[in-house]
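Comments concern the structure below.
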Amino acid sequence: MTARYVYLARHGDAVEGEGLTDTGREQARLLARRLAGVPFATVSHSPLQRAAETAVFLKDPGVPSEVVGDYVPYVPQPMPPTLEGWTEEELESGPRLAAQALARYARPAATETHELVVTHAFLVAWFVRDALGAPPERWIGLNAANCALTVIRYSTDRPPALLVFNDMAHLPPELHWTGFPPHLRLP
């Protein structure tokens, strides 16, 4: 059996247009420490500042890729209010990019391989939804915390396996809930 292990990490806590906050930099540092021993064949990150700055902390910061950027992977109808604010062009290009991301990563490899993608919450949710065989609209509501880790195994002889989702074991409790709206945070 050969397998591709895809590690998906959301970027650290950030302020739009300003990059990582001090909290985000600490999250990224701790994520990098956790992943230091993993033999990644490739590391990719979103070209957006918050993901690129998160990747800087890794032993190999990898390369930027639009395919793992921040976009809406699928727009259900009627469109939920949480997706308002995206342009028509962004909403049209998202599904194409999402299909490219799945084609690139969501499949077995010829030899065992580990690949890291530093991305955004929507793409993490899209991969999880796909691995579970859920309907396309089900990605909405799967929330990833900043610098949380999700790992999916793609094998030649079985369906995809969600090994870890939104794992924050490398983060102290005070760094766990960033990236979640207040109504989703647990005490």
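Figures for the structure shown
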{"quantity": "Rh by Kirkwood over Cα pairs, then Stokes-Einstein D for the stretch 1-55 at 0.890 mPa s and 25 °C, µm²/s", "calculated": "203"}
{"quantity": "Gaussian network model of the chain, springs between alpha carbon atoms under 10 Å - residue of Gly62, Gly133, Gly12 with greatest fluctuation", "calculated": "Gly133"}
{"quantity": "HN-Hα J in Hz across the stretch 161-169 - Karplus 6.51, -1.76, 1.60, θ = phi - 60°, x for Gly and Pro", "calculated": "10, 7, 7, 8, 10, 6, 6, 10, 4"}
{"quantity": "Residue-by-residue Karplus 3J(HN,Hα) for the stretch 32-43, coefficients 6.51, -1.76, 1.60, Hz, glycine and proline x", "calculated": "4, 4, 5, 8, 4, x, 7, x, 5, 6, 9, 10"}
{"quantity": "Radius 12 Å from Cβ of Ala106, net charge of other residues (Lys, Arg +1; Asp, Glu -1)", "calculated": "+3"}
{"quantity": "For the chain: accessible area per residue (Å², 1.4 Å)", "calculated": "49"}
{"quantity": "Cα centre as origin, Lys/Arg/Asp/Glu Cβ charges: the stretch 60-161 dipole, Debye", "calculated": "460"}
{"quantity": "Distant-in-sequence amide H partners of Glu112 (H built 1.01 Å from N, under 5 Å)", "calculated": "Ala3"}
{"quantity": "Candidates Ala169, Ala28, Ala125, ranked by Gaussian network fluctuation over the chain, Cα under 10 Å, top entry", "calculated": "Ala169"}
{"quantity": "Restricting the stretch 1-101 to trypsin sites (Lys or Arg not before Pro) in coil, as DSSP defines it, with at most 13 other Cβ within 10 Å", "calculated": "Lys59"}
{"quantity": "Euclidean distance of C-alpha centroids, the stretch 122-151 and the stretch 68-114, integer Å", "calculated": "11"}
{"quantity": "In order through the stretch 50-63: 3J(HN,Hα) via Karplus (6.51 cos²θ - 1.76 cosθ + 1.60), integer Hz, x for Gly, Pro", "calculated": "5, 6, 4, 5, 5, 5, 4, 6, 6, 4, 10, x, x, 10"}
{"quantity": "Contact order relative to length of the chain, as percent, for alpha carbon pairs under 8 angstrom and 6 or more apart", "calculated": "32"}
{"quantity": "Within a Gaussian network of the chain (alpha carbon springs, distance under 10 Å), most fluctuating of Pro78, Pro108, Pro39", "calculated": "Pro78"}
{"quantity": "Accessible surface of the stretch 1-144 [probe 1.4 Å, protein heavy atoms]: carbon and sulfur percent", "calculated": "53"}
{"quantity": "Net charge of Cβ neighbours under 12 Å - reference Ala3; Lys, Arg +1; Asp, Glu -1", "calculated": "+1"}
{"quantity": "Relative contact order of the stretch 17-123, pairs being alpha-carbon contacts under 8 Å that are 6 or more residues apart, as %", "calculated": "35"}
{"quantity": "20 °C / 1.002 mPa s Stokes-Einstein diffusion coefficient of the stretch 1-159, Kirkwood radius on C-alpha pairs, µm²/s", "calculated": "134"}
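The values are calculated or read from the model by the stated rules, or taken from the named source; none is laboratory data. In this text, all values refer to a predicted model and were calculated from it rather than measured experimentally. Every residue, glycine as well, gets a Cβ built from its backbone with ideal geometry; the counts of neighbours run over all protein chains shown. These area figures cover heavy atoms from the full protein model, side chains too; ligands, DNA and RNA do not enter into them. Shrake-Rupley method; radii C 1.70, N 1.55, O 1.52, S 1.80 Å.
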